[in-house]
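Take a look at the structure set out below.
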Amino acid sequence: MNTSRISRRRFLKRSAVAGAGSIGLPYLVASSALGKAGSIAPSNRITFASIGVGGMGANNMRAFLSQNDVQVVAVCDVEEASDEYGHWYKKGWDGAWFGREPARKIVDDHYSQKGCDAYIDFRNIIERDDIDAVCVTTPDHWHAIPVIMAAKSGKHIYCEKPLSLTVAEGRAMVKAVERYGVVFQTGTQRRSDERFRFVCELVRNGRIGRLKRIVTSIGANNKEAPAKDWKPMPVPDGLDYDMWLGPAPWVPYHKDRCLYTFRFGLDYSGGQTTNLGAHFIDVAQWANDTDRTGPIEFEDLGAEYPADGLFTTATKVHYRARYANGVELTCETDPNGPMRFEGTEGWIEIRGGKMTSQPKSLETSVIGPNEIHLYKSNDHHRNFVDCIKANRETAAPAEVGHRSTSICHLGNIAMTLKRKPPGGKLHWNPETERFTNSDQANQMLARAMRSPWHL
Ligand SMILES: NC(=O)c1ccc[n+]([C@@H]2O[C@H](COP(=O)([O-])OP(=O)(O)OC[C@H]3O[C@@H](n4cnc5c(N)ncnc54)[C@H](O)[C@@H]3O)[C@@H](O)[C@H]2O)c1
């Protein structure tokens with residue numbers, strides 16, 4: 001056993017004794033992990049592993065590789081390497097294929113030495129006590145279990161949005177993160193985008209009067225569903241399909257279930273409602289100052305779902321929620337639509353990252369020193385690393401990610417149950433995180449997991 005491992009065990013013990021809310025400092029890096037980042041003292045480097053290195057996972061991994069006080073020591077993916085990924089992402093990704101072997105090569109090339117470990121099973125990473133932090137970029141049905149296990153093992157966590165597959169999963173993740181006192185960042189990177197921060201500060205400082213309405217627009221499904229008479233396909237070499245499914249029900253393999261397109265299957269995701277919604281609903285929560293709570297009413301405004309086939313998520317999203325402060329929030333499939341804030345004295349829109357407003361003067365408005373200033377981060381990955389080192393809360397902590405993802409789940413529940421007025425609205429209690437007028441809706445807050453997996 002080397003000294004770094006002993007140090008980490010001591011660190012973990014300290015954290016456990018210190019209890020909830022304490023955040024441990026990074027410990028010594030294993031000597032085997034020393035690479036290019038030689039100018040940074042080993043004691044200040046954070047050892048890091050990427051779980052899920054598909055499209056976004058590789059992006060996240062590259063972002064952490066570029067931090068010179070981070071040492072990526074391991075990657076994990078149930079896919080060895082896939083050309084399915086290759087042609088889907090080729091242009092944007094230097095022609096690299098995705099999966100654990102290409103990811104390992106990217107890491108080894110980056111450090112100009114071999115040494116990155118590559119695993120199929122994320123539990124091999126969880127059990128290593130020489131790893132400080134993990135990035136979880138698996139499909140949504142595979143966020144909760146690795147996050148909870150990582151938290152229990154004292155690892156800091158960057159986890160992609162949408163945080164969870166269900167409200168119950170999200171709450172369990174928050175509890176674990178808080179109980180074991182680890183630093184957590186949700187991958188809602190608009191929290192680290194000054195354009196969105198500025199708009200939220202304008203709204204919070206009353207520049208459009210009293211906020212009345214928030215409109216969020218999301219893109220349509222961007223992949224055609226396979227034909228209705230789709231046939232199962234042989235599982236490709238190099239893919240551990242049983243592990244890909246994990247806690248989801250067993251079903252025969254088809255390529256359009258898995259890479260990227262898992263987004264369109266309700267067993268793995270909430271569709272664009274959660275995939276894209278998680279970003280904009282998160283900004284809505286930020287502007288409305290409701291980061292640690294949520295709306296009290298949800299209703300369907302005419303969502304559409306496919307009648308049958310492999311893709312099961314909404315083809316048209318449209319729901320409305322209402323907060324206790326009277327603010328109305330809508331989410332609608334409208335690829336060219338804006339994110340819009342309406343107040344008693346004006347409005348602000350963001351479309352394609354560009355802001356317009358009424359009055360126009362808001363666009364050049366300055367937030368004064370005595371006004372409300374929101375959490376400032378301009379780089380989501382860097383913010384995570386800085387917060388580990390400084391023992392402080394990130395731009396998008398677990399509770400915040402959970403609350404915005406919950407709204408997407410609750411919208412999905414209202415749309416699935418076609419809950420419309422009159423008399424059809426779902427009433428939500430954000431304190432107890434239960435509906436007060438529908439047992440059927442409450443049953444949709446959690447899901448059974450396929451054995452042996454459980455929260
Ligand atoms: N923040 C953003 O802007 C953003 C953008 C894209 C995706 N995402 C999120 O990232 C996550 C992944 O999306 P993607 O587009 O990269 O999907 P993807 O299908 O391209 O990649 C997921 C990867 O996870 C792997 N995987 C599946 N089960 C695994 C397991 N048990 N252990 C290890 N690896 C496993 C898959 O083999 C695949 O390589 C999703 O939650 C998605 O919402 C976020």
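Side notes on the structure shown:
- Listing of strands (runs of 3 or more DSSP E) fully contained in the stretch 91-202 that carry 1 or more residues being within 16 Å of the chain's Cα centre (by Cα) and farther than 30 Å from residue 351 by Cβ: 133-136, 156-159, 184-186
- Check on residue 131, within 11 Å of the ligand (Cβ to nearest atom) and assigned by TED's automatic domain parsing to the domain that holds residue 72: no
- Selection within the stretch 44-78: residues that are more than 16 Å from the ligand (Cβ to nearest atom) and polar (S, T, N, Q). The member of this set that is nearest to residue 115 (Cα to Cα) is 71.
- Exclusive hit being part of a loop (DSSP other than H, G, I, E, B) and over 22 Å from residue 206 (Cβ atoms), set 289, 308, 256: 308
- Residues located in the stretch 185-209, provided they are within 15 Å of the ligand (Cβ to nearest atom) and of a type in the set (A, V, I, L, M, F, W, C): 196
- Count of the stretch 345-389 residues which are of a type outside the set (Lys, Arg), at pLDDT 95 or above and outside any helix (DSSP H, G or I): 25
- Every residue from the stretch 266-312 that is among the hydrophobic types (A, V, I, L, M, F, W, C) and either touching a Leu at 6+ places or on another chain (Cβ under 6 Å) or surrounded by 21 or more Cβ atoms within 10 Å (Cβ to Cβ) (or both): 276, 278, 280, 281, 283, 284, 286, 287, 298, 303, 311
- You will find that of 342, 431, 393, the residue that is assigned to a strand (DSSP E or B) and among the acidic types (Asp, Glu) is 342 and no other.
- Residue list for the stretch 366-403, restricted to those being basic (Lys, Arg) and not assigned by TED's automatic domain parsing to the domain that holds residue 284: 376, 382, 389, 392
- The set of residues in the stretch 390-418 that are basic (Lys, Arg) and modelled with pLDDT of 95 or more comprises 392, 403.
The values are calculated or read from the model by the stated rules, or taken from the named source; none is laboratory data. Bear in mind that the values here come from a model prediction, so they are computed numbers and not experimental data. Every residue, glycine as well, gets a Cβ built from its backbone with ideal geometry; the counts of neighbours run over all protein chains shown.
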